[in-house]
Amino acid sequence: QVQLVESGGGLVLAGGSLRLSCAASGGFFRFNTMYWYRQAPGKQRELVAAITQIGVTNYATSVKGRFTISRDNAKNTVYLQMNSLKPEDTAVYYCKVATMGANYWGQGTQVTVSS
């Protein structure tokens with residue numbers, strides 16, 4: 001069974017940093033690309049970053065240079081280091097994996113950036 005559990009969200013001042021974690025259960029982790037998405041109130045969910053099995057990364061233009069995605073296959077965990085946070089980064093952040101013919105999502109973690 002695939003389970004994803006995010007943690008690390010919170011309230012931070014603009015310019016601050018947070019590190020999100022997504023712990024995965026199941027044997028799929030090291031064979032799959034992992035994704036971070038976010039959804040702000042009244043907006044569609046958007047892709048923030050992705051990391052392949054071998055560590056190739058991709059970022060949304062809005063976060064490039066500020067956010068870093070990484071993974072630890074031994075711990076079945078993917079991370080999102082967020083620096084220089086802006087109020088427009090406020091959203092619920094979700095991790096996702098596509099495996100076994102389906103998309104699996106975590107429950108999300110709230111990130112609020114105040115000015």
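The values are calculated or read from the model by the stated rules, or taken from the named source; none is laboratory data. Only a predicted model underlies this, so the values are computations on that prediction, with no experimental measurement involved. Positions of Cβ are backbone-derived with ideal geometry, glycine not excepted, and every protein chain shown enters the neighbour counts. Heads up: the accessible areas ignore ligands, DNA and RNA and are worked out on the full protein's heavy atoms, side chains in. Shrake-Rupley method; radii C 1.70, N 1.55, O 1.52, S 1.80 Å.
What the table shows:
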read-out: Environment charge of residue 14, counting only residues whose C-beta is closer than 13 Å and scoring Lys/Arg +1, Asp/Glu -1; value: 0
read-out: Residue 45 accessible area, assembled protein chains, probe 1.4 Å, Å²; value: 90 Å²
read-out: Per residue value of the accessible surface for segment 20-115 (all protein chains in place, 1.4 Å probe), Å²; value: 50 Å²
read-out: For the chain, radius of gyration divided by Kirkwood radius, i.e. Rg to Rh on alpha-carbons; value: 0.95
read-out: Residue-level accessible surface for residue 90, protein heavy atoms, 1.4 Å, Å²; value: 30 Å²
read-out: Cross-link partners of residue 64 among aspartates and glutamates (Cα-Cα below 13 Å; sequence separation of 8 or more within a chain); value: 89
read-out: Net charge over other residues, Cβ less than 9 angstrom from the Cβ of residue 94 (K, R count +1; D, E count -1); value: +2
